[in-house]
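Single-structure report; data block below.
Bear in mind that the values in this text are calculations on the coordinates, not laboratory data. Model, not experiment: these values are computed from the prediction. FYI the Cβ positions are ideal-geometry reconstructions off the backbone, even for glycines, and counts take in every protein chain you see.
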Ligand code: GRF
């Protein structure tokens, strides 16, 4: 897998920033080749441009179908020779054209310990459910929402006086550490996927 990242965003882009910072301070040997937002007003676009990165909007509106939007994303990513796509607050389902163009090469970060609390508002869901521990999951993207093989998880305790927002702030700090680590693990290779499992230990059967 080449070390050129394409980062897909829809909003503020703090995880994008965390990835960029990690590439620049030596924690992550990778290049952010392109940032794409589906929304022109995403604060993350401005953040990326300030960091000197190429950052474009490919709106999800105006295409004949969802797949056509996905195909446009594939064209942009391929044009920059991207090897790994990282979703960072990208608020769209990823369709077949993108999944097929980047098999086992699209990551997402989610603010809960999946499979608990997929979808929107995972932090508020965790507080309302009353779990004592939540956290962060970095996983491969598959057709199932927040459902692909898990690369890395980190726990964050849920406190008695937590609100969704307070928990979200602590989870976000953990996300910023976890995402660069997970990207490094994937880029460094030596892993395999068996069923749902992302495994880094040597394959006993072939040893
Ligand atoms: C993060 O909580 C991420 O886990 C979720 O969306 C949020 C994006 O935040 N998928 P940011 O745009 O990276 O600041």
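Data overview
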| quantity | calculated |
| --- | --- |
| Matching residues in the range 100-135 - criterion: being without any contact (Cβ under 8 Å) to a residue 12 or more places away in the chain and within 11 Å of the ligand (Cβ to nearest atom) | 120 |
| Residues satisfying the stated conditions in the range 162-190, i.e. away from the ligand (no atom under 16 Å from the Cβ) and in contact (Cβ under 8 Å) with a residue 24 or more places away in the chain | 184, 185, 186, 187, 189 |
| Selection status of residue 159, without any contact (Cβ under 8 Å) to a residue 24 or more places away in the chain and over 29 Å from residue 29 (Cβ atoms) | yes |
| Residue 151 within 12 Å of the ligand (Cβ to nearest atom) and in contact with a helix residue (DSSP H, G or I) (Cβ under 8 Å, 6 or more places away or on another chain) | no |
| Helices (runs of 4 or more DSSP H) contained entirely in the range 4-99, each with at least 1 residues that are within 16 Å of the chain's Cα centre (by Cα), within 15 Å of the ligand (Cβ to nearest atom) and touching a residue at least 60 places away in the same chain (Cβ under 8 Å) | 14-24 |
